[in-house]
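Report on the structure given below.
The values are calculated or read from the model by the stated rules, or taken from the named source; none is laboratory data. In this text the structure is predicted, and so the values were computed from the model without any measurement. Glycine gets a Cβ as well: all are built from the backbone with ideal geometry, and neighbour counts include every protein chain shown. In case anyone asks, the SASA skips ligands and DNA or RNA and just uses the protein heavy atoms, side chains included. Shrake-Rupley method; radii C 1.70, N 1.55, O 1.52, S 1.80 Å.
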Amino acid sequence: MVNVQIAKSGYADVERSLTTVADERTAMDVALPPQTRKVEVQTAPDGASLYVDGQLVPGTTPTTVALTIDDFHELRAERDGYETLVRAARGSRR
């Protein structure tokens with residue numbers, strides 16, 4: 001058995017274990033996920049529901065979400081009794 005690590009700029013690294021047999025080829029399908037970075041989201045007051053690209057994030061603010069790098073995302077914070085806040089965010093490289 002051998003460990004194989006696959007890396008490409010802009011994508012998260014993937015590591016797989018592969019069983020090989022001498023003098024034989026082995027095929028492996030790999031889908032590289034987009035690279036992400038973590039972003040902390042805080043609201044005033046705390047306790048807002050957070051949506052990223054229309055999908056509800058579990059829990060309430062403050063919270064940390066993973067955004068794909070170099071993509072634009074819509075962040076929407078909602079809390080009863082308060083105006084809904086919508087902001088664009090980019091998971092840019094540091």
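Here are the numbers for the structure shown:
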quantity: In range of the label at E83: residues from the stretch 42-63 whose backbone nitrogen is under 19 Å from the point 7 Å along Cα→Cβ; calculated: 42-51
quantity: Given charges at beta-carbon only (K, R positive; D, E negative), |dipole| of the chain in Debye; calculated: 300
quantity: The stretch 38-90 versus the stretch 1-18: alpha-carbon centroid distance in Å; calculated: 31
quantity: Largest to smallest principal axis extent of the C-alpha atoms in the chain, angstrom; calculated: 68, 23, 19
quantity: Relative contact order (%) - the chain, alpha-carbon pairs under 8 angstrom, separation at least six; calculated: 21
quantity: Accessible area in square angstrom per residue, the chain, 1.4 angstrom probe; calculated: 75
quantity: Fraction of antiparallel bridges per DSSP, the chain only, in percent to nearest 5; calculated: 95
